[in-house]
Amino acid sequence: MAIASPSTTTFSASFCCKRAESTHPTLFPSILCTQRAHRLPTRLFAINSRLNSSKFCGSLSPENGGSEDFEQYELQHGFTGPMERRKKGSPVYVMLPADSVAKDGKVRRVKVLTASLRALVTAGVEGVVMEVWWGVVEREKPMVYNWGGYLDLVALARRCGLKVRALLAFHQHGIGPGDPLWISLPQWVLEEMDKDPDIAYSDRFGRRNMEYISLGCDMFPVLKGRSPLQAYSDFMMNFRDTFRPLLGSVITGVQVGMGPAGELRYPSCPSQELARAWRSREHGEFQCYDKYMAACLNACAHDVGMRGWGHGGPIVAGNLMHGPDNTDFFKSNGGSWNTPYGEFFLQWYSGMLLLHGERICREAKTIFQGTEVDTSAKLAGIHWHYGTQSHPSELTAGYYNTSRRDGYLPIARMLGRYGFGLGCSVFGMRDVEEKQTNPVSSPEDFLKQLLLAARVCQIPMEGDNSATFLEEESYEQVLKMSKFFSYGPGGPSFSFNFMRMDRYLFEQHNWARFTRFVRQMSGASIFRARLDFGGDEHRTSMSDAVQAKRCIYILLRKKNQTHIQTSKANLILRPPSLGLCTYSST
């Protein structure tokens, strides 16, 4: 049963979730409503209140003379470093198609993929991002792993002279079995979900989300005698043992999935709807109605002596389409989000998410220690209510970020404790375009807040784009935001993951813009590439790109004999386009 916001104002929500020290099942999740014992100094990390407003970043960009503000910000928060500007450029990685490894564990379209990787080398790309799907590797039975396709994929990238970032994906991909890119959770996990539907997230309407296992049962043996955290840990350990000879040399990074779409968040909006959620301005729904989350909320409410607060989330949050000021919970003036009840609920809700991330970080740090791979986690780029007081779409996703509170600094601090980098999308999105359809949206200010949190905590940043873009303005925006992060005294590294490799990328005009972008990111005028698979380096020229185009053309010619015969005259007059490269799922 959900509750309305109580009228009492005596509660001061100052608790945080206590971290559990073991991955073994316990009688109840280790969530106690107590003060965190080892809080970092407030003066060092307390963000100035103006940094929490939707307009705080307007004067900090190097382009508009904000260097003094930026340096003052760093001095205020105890940031120190050598007084020199970053000279080294930022590497670019390209994400491979989601279905590069089929459900049977084999690499798809090997010849076309090989030619595409060689083309990426000519552009100066550092490496590729490889999604490693839980639902493919451990598909049929628990602890029975099939890494064959991914071993072949890494070997292929290595032969082409590319590095690999592995994204360990513990979530589903696609919208359902009819989707050609559908990748579900492992079959044996789905069987357990059928037996116990509360393993999945649920909103106040009883709608289940099957993208990712509910974090409320992290420590419970709900997966055939193992807890979800144990299943993730076993998967990571087997990955480490299987790929150990390649870790640190070929596989240089591991991004650990922590939620839907691999992001540390609640599925407040289904992932397939996030691409359009900012247009419809959806709030999302709080995901705290499965029995595991509900039991934890009830226990925390009892601990603070407010039992009436533990019967469910806010019922006054409105539906998906209401504006914030049309809801009692999210409205700017007098909204329940800014009452003792709202503070209690939002601290509990965001604290559970933070605890989930910390548990996984702790396991991953232990598992990959000594392998020389960089570990990272990803946050969602939820920006479409950033200009409001309550930031409702961020709150329902688990980010307690409002005009009065920084919700991203605690996450950055947690990642920094375990040596994790931070990844986020929305690079390439511009306020001038987004505000035309949604005046309260601000992807730029959202991203600047996140970048500043990463700078303060000295953690590396991995940017990516939320949707494939190929226009010049988007590339320029990525360059601008990367410069914002790297500006000033020496700081953590920045890299960019381009999402994703498809046939449009290799079309002539798109390819020219992409290669220019990679050159600008790297800060180099001439690339060196390994195109002969033997490791000898030579200067890359335009002829290398043309050769790669022809390689793809030759590989596809046998499959398109009829089309090529009718187009023979045109092919003589102009070089074959990389647009012939196709990544259809058939």
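The values are calculated or read from the model by the stated rules, or taken from the named source; none is laboratory data. Owing to the predicted nature of the structure, the values given are computational and were not obtained by experimental measurement. We place every Cβ from the backbone using ideal geometry, glycine too, and count neighbours over all the protein chains shown. For the accessible areas, the whole protein counts, side chains as well, though only heavy atoms, and no ligand, DNA or RNA atoms are used. Shrake-Rupley method; radii C 1.70, N 1.55, O 1.52, S 1.80 Å.
Remarks
- Computing Rg and the Kirkwood Rh from the Cα coordinates of segment 92-522 gives a ratio, Rg/Rh, of 0.95.
- Pair-distance distribution P(r) for segment 118-267, from all Cα-Cα distances in 10 Å bins starting at 0: 10, 38, 32, 15, 5, 0 percent.
- Restricting segment 175-215 to trypsin sites (Lys or Arg not before Pro) in coil, as DSSP defines it, with at most 14 other Cβ within 10 Å: 207
- Protection proxy ranking for 503-514, 215-226, using the average of other Cβ atoms within 10 Å per residue and placing the highest first: 215-226, 503-514.
- Globularity ratio of segment 300-423, using Cα Rg and 2.2 N^0.38 Å: 1.22
- R0 of 41 Å, Cβ-Cβ distance residue 371-residue 404: FRET efficiency to nearest 0.05: 0.50
- Rounded accessible area of residue 237 (nearest 10 Å², 1.4 Å probe): 70 Å²
- Computed lengthening from residue 152 to residue 140, 0.36 nm per intervening residue step minus Cα-Cα distance: 2.2 nm
- Segment 92-522, accessible surface, carbon-and-sulfur percent (1.4 angstrom probe): 48 percent
- Remark: for residue pairs 378/448; 291/365; 331/448; 163/378; 103/163, the C-alpha separation exceeds 27 Å in 291/365.
- FRET E, pair residue 507, residue 417, Förster distance 45 Å, beta-carbon r, rounded to 0.05: 0.50
- Per residue, the accessible area of segment 92-522 comes to 32 Å² when a 1.4 Å probe rolls over the protein heavy atoms.
- Residue 192-residue 483 pseudo-label distance in nm [points 7 Å out on the Cα-to-Cβ vector]: 5.0 nm
- Between residue 516 and residue 298, the simple label model (points 7 Å from Cα in the Cβ direction) yields a spacing of 6.2 nm.
- Relative packing of 429-437, 396-404, which averages over residues the other C-beta atoms within 10 Å, highest first: 396-404, 429-437
- Percent of Cα-Cα distances greater than 15 Å, calculated over segment 97-139: 49 percent
- DSSP-loop chymotrypsin sites (Phe, Trp or Tyr not before Pro) across segment 157-257, with at most 12 other Cβ within 10 angstrom: 205
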